Every structure is written in C-alpha cells, then in structure tokens.
Amino acid sequence: MLTIIGNKELHALIQLSGRAIREFLSHADASKFKGEAHLAITSFQANPADFTDDKLIAYGSDTKQAINHPARIEIRGKTAHGAAQMVAKGIWGHKRSHAMAEINHQCKELGFGILLKLAGTSSIEFNVAGVDKSVAIYFLQTEFEKVLKEMDYKPGPKINSGVSKTVIAADGDGTIYDGPRVGVLPTLAESPVREPLCAYLSAGGIFMLVSGNDINRTFNRVIDALPKETYCRFLISANGGAELVYINAQGKPKPVSGYRQQALDVSHDKSHRQSLDMIYIGDDGSREGNDYPAFKAVGFQKSVLVAQEFLPEYDPGLRAGYAGGLLQGTRKSIEHFLSSRV
C-alpha cells in the first residue's frame, strides 16, 4: 500500500480544511491571541477574500511562501497521483481539536482512509491511514542492513553502527532546532544541538530525523550544518513519515528504495523486526501528538521527552524518560548517549 494521499481525497481535504480555517478565523477574538494567531485573525477579518482555498494553498517545498503565511494549507510531496502529506494550519487553542474531530468524522463518512494528527500549536496533519512517525522506525528495524548498504554507511572511529546498531531518532521543531515563526525558519546550524549531534555522527553513529514537516524544507534546515564525512550516517523521514531519504556523497537527498511502496506493509509485520540500540527524542508527550507513535515504536524505556514541562495530559509512561529543556534537553541527551556508547 502506498504512503501517498490520492488526488480525490486530497481535493476533498482541501475543501474541508479551508472551511474549518475560515470558520475559526471568522469567529475568533483577536484580542485573546498573540503573534501569528493574532496576525491571521486580523488579516482574515480585514479581508476574507484572501483566504479562499486557492489562496490558502502553499507547497511545502516553497519555504518562503510557507513561513510567511500563518494560515495555510500545505501540500507536501506532490506527485501526479496525489501528495505524501497535507497540513492545515490556522486554528489555535481548543477549537483545533474540535475541528480535527469534525473533519475526521466527515472523512469517515466519505470512506477515506486518512489519519489526522495534531502538530505544533495550530496545525492538523493529514496522511494515509497508518502513516505516522513510527513507520520509518519500523522500516529501519526491519531493513537495517539494506538501508545501511544503500546509504553507503561507513563506520566512524568510535562507533560501528553496522555492528552495534546504534541509532538516535529525533523530532525536528523544538527538539533539534527551534520551531518556525512568521518569516523565520531556524536551522540546525544555529541550534545548541549542532555540536553534540555532529560529534555523535563523527564518532560513527546513525541519526534519523523524523519530522512531521516537508521533506525538502527539512533537508535544507540541516544540510549546511553537517560535516561532509557524516552524510553517510544521516537519514531523514518527513512528510509525517510518508517518505525516507538518505544524503549521498554529493550532499543531495535520495529516496530510500521501496520505502513508499513497502513501508506501510512492513510496519504491520513484526516477524522480521530486529532489536536496534535506538532512542527517540521528541517534545510532545500527548497521545494525540505526532511524536507519540514514535515513542511507542522504540518503547517508553528508550524514549526521551524534552517538552518544556510535563503536562497532565501526557502519558505517565513517558515520565521516566523526561528530560525537559527542549533544545538544551536534546543537547544533554545526545551528549549522554554518546558518552555511554564510546
């Protein structure tokens, strides 16, 4: 089964999401919101004609268009047959969960096999049912040697992941680099995580960035910070888990063979999974958040939660691995993981 949302479903999701975004913006009290939420609400109420479906659509690979519009419908990984992922951004606060539930109900009535997830503070992610951040982890657990061979993995001076199967997987925004703001897209190069992550990669460890974001945009946020000799140790899964790429010797992203076609089937087959020395670092401990499937895939005992605070709605099972501190928590966690493996 492919990880791509078909064109029929994509068209309907755009209509449902556009309607939900406009419904929220038309009734929201701008005085109760700050930042990009306040901007989106006041902009809509001043000129609602700028928020039609056609004008809300942005393509994930167009970074400038995406980060400058706080309310938008992002189409990610577009192909002739559909898209890897769609994201509706522009509903803040408790109304977002209500909107997601309503759209989910409508999808079921239409017979669509679509999975909806909350992300960030104002986004709803749409993927083919079964596609989430766990899929890339299960695929790597099943096809580890094959993936290492394809990415031309070379051991480092202190870690041979081909033998030890050492992997760090982690979320992007708020975990590896700061989250985006209007007009600003923070990168790994300016993150406190850069130094320990590069040290880990240089030692020989494999890192897999597991992002809910657009895959090309995610790649562009990390590539300039990586030493060239570590390209062969870096994987990126993005578009909500719909795609997986490695970085070749020329510094270009290359799709892992068979991932789009096989990853969903592999994720349901437990018989060939192998045990990896893998942890997952993420900043959202809620059951509805997009990090939760990844936490479950590696196991709570190998999960590191770097949320600013441990909220009441978080799964208590994640308490043992709670580090806090967002980027600083990730930095310390990678430093600890590296020192324990060298």
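The values are calculated or read from the model by the stated rules, or taken from the named source; none is laboratory data. Being a predicted model, the structure only gives us computed values, none of them experimental. Virtual Cβ from ideal backbone geometry, glycine too; neighbours counted across all protein chains shown. For the accessible areas, the whole protein counts, side chains as well, though only heavy atoms, and no ligand, DNA or RNA atoms are used. Shrake-Rupley method; radii C 1.70, N 1.55, O 1.52, S 1.80 Å.
General remarks:
- Across every pair of non-identical alpha carbons in the chain, the mean reciprocal distance, once inverted, gives a Kirkwood radius of 20.3 Å.
- For the stretch 1-33 versus the stretch 261-334, the spacing of their alpha-carbon centroids is 28 Å.
- Normalising by residue count, the stretch 207-342 has a Cα convex hull of 130 Å³ per residue.
- Assigned charges on the beta-carbon of Lys, Arg, Asp, Glu; the chain dipole about Cα centre (debye): 480 debye
- Fraction of accessible area attributable to carbon and sulfur, the chain (%, probe 1.4 Å): 52 percent
- In whole angstrom, the stretch 230-280 maps to an equivalent ellipsoid with semi-axes of 22, 15, 10, each derived as √(5λ) from the alpha carbon gyration tensor and ordered largest first.
- Of Phe33, Leu110, Ala12, farthest towards positive along the dipole that unit charges on Lys, Arg, Asp, Glu beta carbons give the stretch 1-132: Phe33
- In the context of the full set of protein chains, the stretch 177-222 has a per residue accessible area of 30 Å² (1.4 Å probe).
- Out-of-range pairs (alpha-carbon distance over 25 Å; input Lys165/Lys228; Lys55/Lys95; Lys146/Lys252; Lys34/Lys108; Lys8/Lys252; Lys32/Lys133): Lys34/Lys108; Lys8/Lys252; Lys32/Lys133
- Over the residues of the chain, the helix contribution to mean residue ellipticity at 222 nm works out to -11000 deg cm²/dmol, using -39500 (n - 2.57) for each DSSP H run of at least 4.
- Solvent-free Debye scattering, log10 I(q)/I(0), computed from the Cα coordinates of the stretch 124-184 at q = 0.16 Å⁻¹: -0.76
- Across the options Gly251, Asn239, Val304, the greatest Cα extent toward the positive end of the charge dipole of the stretch 170-313 (unit charges at beta carbon of Lys, Arg, Asp, Glu) belongs to Gly251.
- With protein chains left intact and a 1.4 Å probe, residues in the stretch 1-51 average 54 Å² of accessible area per residue.
- Charges were assigned to the Cβ only: +1 to each Lys and Arg, -1 to each Asp and Glu. The resulting dipole of the stretch 205-342 about its Cα centre is roughly 460 debye.
- Charge tally in the Cβ shell below 12 Å around Leu327, where Lys, Arg are +1 and Asp, Glu are -1, Leu327 excluded: -3
- Across the options Pro157, Leu197, Ile168, the greatest Cα extent toward the positive end of the charge dipole of the stretch 157-205 (unit charges at beta carbon of Lys, Arg, Asp, Glu) belongs to Pro157.
- Percent of Cα pairs exceeding the 22 Å cut-off, where the set is the stretch 1-155: 46 percent
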